[in-house]
Amino acid sequence: MGASNLLLKLSRRLWSEESDRAAFIDALVHPQPYPAAIVWTQPRPEQVPFAIAPPLPWQPAWVDRLAADQRPGRHALHQAGAYYCLDMASVFAAAVFSAIAIPVESVLDLCAAPGGKSLLARQAFHPDRLWCNEVVRKRVKILISNLKRCGATEALVFNLDPQAFAEQMPHSASVVIVDAPCSGQSLLAKGDQALGCFHPVTIKKNASRQKRILTSAAQTVAGGGYLAYMTCTFSSEENEQVAEWLLKKFPQFEAVEVPVLADYASPLASFPCYRLWPQSGLGAGGFTVLLRHRQEPLPPVDLSLLTAKAMPIYGDRPPPDSGTTGHPSL
Ligand code: SAM
């Protein structure tokens, strides 16, 4: 079956109205440039050197949505680390952070490169500990470079399979972020390629990988903590169905309402979770859900020991008497 037939099939599963299906398909088949957003990682200057679009209800104060045709990546402030550029779909996904009670001690971003969600979480929570993990070695460099440029020098960077955190740092993070690798269907709305993104085999493979990552993530969340799961794709097999699977497998988690996203509630689930559609004109689209671990917080864990067991490849080293060998710094 060709890609267009698979897209048609997907649209029928997502929408009951013909006009909605047509708008969804049109947004993917006729890509449009979406305005950029910037996350301020240094204090926002009084005079912002860009044309700014009106803020959206789910946009935090440290994000500006730019008017069309602005090129923030080329400005000297970017090089100086004043902000990080991303798209509004990423800001949408991270809007679930607004429903997390502050203070937050520790954030673990399990799929972190190139660093957008880590930096959004850092601005939202100013956590005592920011752990950024990227399993694909060649993507670690850009993650470190972005964190450094934006002044997130307190972050520890890891290059581990998520399972290592579950095994060596169980129940240790107040917030775990899984911005999962996915079939990437929303990339089409920006004019990027996403080969095979509608194919059932691609979708099934991604859903299995997402469940694997989430199994580790769920075991790493501290009692009373949160798990934020997000993708940039539309198939419910990678979104609502994965979240539903998690809620069944780990009944200690519950899905949490995110008031600022109330207008974006997914019609494809019986629990709170949210979708941005490509035809909204706000961003290429995606899915996001916030899960809370119901259990009361456990006594604090010995974090020097945890760091020594799962070594960061960039950032502070464990104490010299910890008896472990470190990875070389980059
Ligand atoms: N969170 C990032 C941001 O906001 O800039 C984007 C993350 S991207 C959607 C997904 C990331 O997951 C990629 O960097 C990819 O290398 C990583 N990844 C791929 N396979 C993985 C796996 N099995 N476990 C964990 N992460 C994986």
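The values are calculated or read from the model by the stated rules, or taken from the named source; none is laboratory data. None of these values were measured; they are calculated from a predicted model. FYI the Cβ positions are ideal-geometry reconstructions off the backbone, even for glycines, and counts take in every protein chain you see.
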Checking Arg149 against (1) over 21 Å from Thr231 (Cα atoms); (2) free of Cβ contacts under 8 Å to residues at least 40 places away in the same chain, the condition it does not meet:
(2)
What is the number of the single condition among (1) buried (at least 20 other Cβ atoms within 10 Å of the Cβ); (2) not in a strand (DSSP E or B) that Glu244 does not meet?
(1)
Close pairs from the range 215-243: first within 15 Å of Trp277 (Cα to Cα), partner more than 14 Å from the ligand (Cβ to nearest atom) and of a type in the set (Ser, Thr, Tyr), Cβ under 8 Å, at least 6 apart
Asn239/Ser266; Glu240/Ser266
Would a scan of the range 55-63 turn up a residue that is touching a helix residue (DSSP H, G or I) at 6+ places or on another chain (Cβ under 6 Å) and assigned to a strand (DSSP E or B)?
yes
Some residue of the range 97-106 being modelled with pLDDT under 95, more than 26 Å from Tyr314 (Cβ to Cβ) and surrounded by 12 or more Cβ atoms within 10 Å (Cβ to Cβ):
no
Of all the residues that make up the range 189-203, how many are crowded, with 19+ Cβ neighbours inside 10 Å, touching a residue at least 60 places away in the same chain (Cβ under 8 Å) and farther than 18 Å from Met230 by Cβ?
1
Considering only the range 242-295, state which residues are under 19 Å from Val175 (Cα atoms) and in contact with a Gly (Cβ under 6 Å, 6 or more places away or on another chain).
His293, Gln295
What do you reckon, is Ala89 of a type in the set (A, V, I, L, M) and within 27 Å of Ala262 (Cα to Cα)?
yes
Contacts under 7 angstrom Cβ, first residue in the range 110-127 being under 13 Å from Ala152 (Cα atoms), partner in a loop (DSSP other than H, G, I, E, B) and near the ligand (Cβ under 7 Å from one of its atoms), 6 or more apart
Ser118/Ala112
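Take the range 74-85 and flag every residue that is under 24 Å from the mean Cα position of the chain (by Cα) and over 12 Å from Ala37 (Cβ atoms). Step through it out loud before you land on a result.
So in the range 74-85, the residues under 24 Å from the mean Cα position of the chain (by Cα) come out as 78-79, 81-85.
Result: His78, Gln79, Gly81, Ala82.
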Select, from Ala228, Ala269, Ala217, Ala222, the only residue that is part of a helix (DSSP H, G or I) and at pLDDT 95 or above.
Ala217
Out of Gln42, Gln70, Gln32, Gln79, I need the residue that is away from the ligand (no atom under 16 Å from the Cβ), polar (S, T, N, Q), in contact (Cβ under 8 Å) with a residue 12 or more places away in the chain and crowded, with 18+ Cβ neighbours inside 10 Å. Which one?
Gln70
Can you tell me which of (1) under 28 Å from Asp109 (Cα atoms); (2) crowded, with 17+ Cβ neighbours inside 10 Å is the one Ala53 doesn't meet?
(1)
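With the condition kept exactly as written, say whether any residue in the range 236-246 is within 12 Å of the ligand (Cβ to nearest atom) and touching a strand residue (DSSP E or B) at 6+ places or on another chain (Cβ under 6 Å). Working first, answer last.
Of all residues in the range 236-246, those within 12 Å of the ligand (Cβ to nearest atom) come to 238.
Filter again for touching a strand residue (DSSP E or B) at 6+ places or on another chain (Cβ under 6 Å), leaving 238.
Yes, the range 236-246 contains a residue that is within 12 Å of the ligand (Cβ to nearest atom) and touching a strand residue (DSSP E or B) at 6+ places or on another chain (Cβ under 6 Å).
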Would you confirm whether or not the range 160-177 contains a residue that is over 30 Å from Pro103 (Cβ atoms), surrounded by fewer than 18 Cβ atoms within 10 Å (Cβ to Cβ) and either modelled with pLDDT of 95 or more or in contact with a strand residue (DSSP E or B) (Cβ under 8 Å, 6 or more places away or on another chain) (or both)?
no
Conditions (1) under 19 Å from Gly285 (Cα atoms); (2) touching a Lys or Arg at 6+ places or on another chain (Cβ under 8 Å); (3) in a loop (DSSP other than H, G, I, E, B) -> Ala68 fails only (2)
Conditions (1) modelled with pLDDT of 95 or more; (2) assigned to a helix (DSSP H, G or I): number failed by Gly73
(1)
